[in-house]
1. Picking from Ala90, Asn75, Val103, whose Cα lies most toward the positive end of the charge dipole for the chain (charges on Cβ: Lys, Arg +1; Asp, Glu -1)?
2. In debye, nearest 20: dipole of segment 42-113 around its Cα centre with unit charges on the Cβ of K, R (+) and D, E (-)?
3. Give me the mean projected area, in nm² to one decimal, of the convex hull enclosing the Cα positions of the chain.
4. Report the antiparallel proportion of the DSSP beta bridges in the chain as a percent, rounded to a multiple of 5.
5. Go through Ile68, Ile99 and list them by solvent-accessible area, largest first, probe radius 1.4 Å.
6. Would you please give the residues with an amide H less than 5 Å from that of Met34, counting only those at least 5 places away or on a separate chain, with H modeled from the backbone geometry?
7. Treat every Asp and Glu Cβ in the chain as -1 and every Lys and Arg Cβ as +1, leave all other atoms uncharged, and give the resulting dipole magnitude about the Cα centre to the nearest 20 debye.
8. For Ser61 and Ser7, calculate 0.36 nm times their separation in residues minus their Cα-Cα distance, and state this gained length in nm to one decimal.
Amino acid sequence: QVQLVESGGGLVQAGGSLRLSCAASGRTFNSYAMGWFRQAPGKEREFVAAFRNSGTYYADSVKGRFTISRDNAKNTAYLQMNSLKPEDTAVYYCAADVIGTTVRATTAWGSWGQGTQVTVSS
């Protein structure tokens, strides 16, 4: 199982940007799917973005504002978040080891990081 550590969260004003990082260890992941999810207080964990061999996927709520990428040499995935809104406030988690057919489902992923807090003030 791969170990995942997120970083880069923080407090930002609405309209600002943040870049989250997800460092993977335990094995190289240059050919593996990676995903980002988020969970706001009192809400279920929801899909944000992911990539796998079949393509790159985004939630409608972040499309055009967030970009997922990876640096295979660093075994790191990124989530660039622009034009942030207060409703983007959540703990953000990265995920690896797809075990299901749809990357948008939390049940499709076998490994999770500990999460990083993103707070967007209005």
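The values are calculated or read from the model by the stated rules, or taken from the named source; none is laboratory data. Note that this is a predicted model, so its numbers are computed, not measured. All Cβ positions, even for glycine, are placed from backbone atoms using ideal geometry, and neighbour counts span all protein chains on display. The protein model used for the area step is the full one, side chains on, heavy atoms only, and it has no ligands, DNA or RNA in it. Shrake-Rupley method; radii C 1.70, N 1.55, O 1.52, S 1.80 Å.
1. Asn75
2. Details: 9 positive and 7 negative charges, 26 e Å.
Rounded to the nearest 20 debye, it is 120 debye.
3. With every direction weighted equally, the projected area is 6.8 nm².
4. 90 percent
5. Highest to lowest solvent-accessible surface, that is Ile99, Ile68.
6. Phe51
7. Numbers: 12 positive and 8 negative charges, 35 e Å.
In total the dipole reaches around 180 debye.
8. Gain on stretching Ser61 to Ser7: 17.2 nm.
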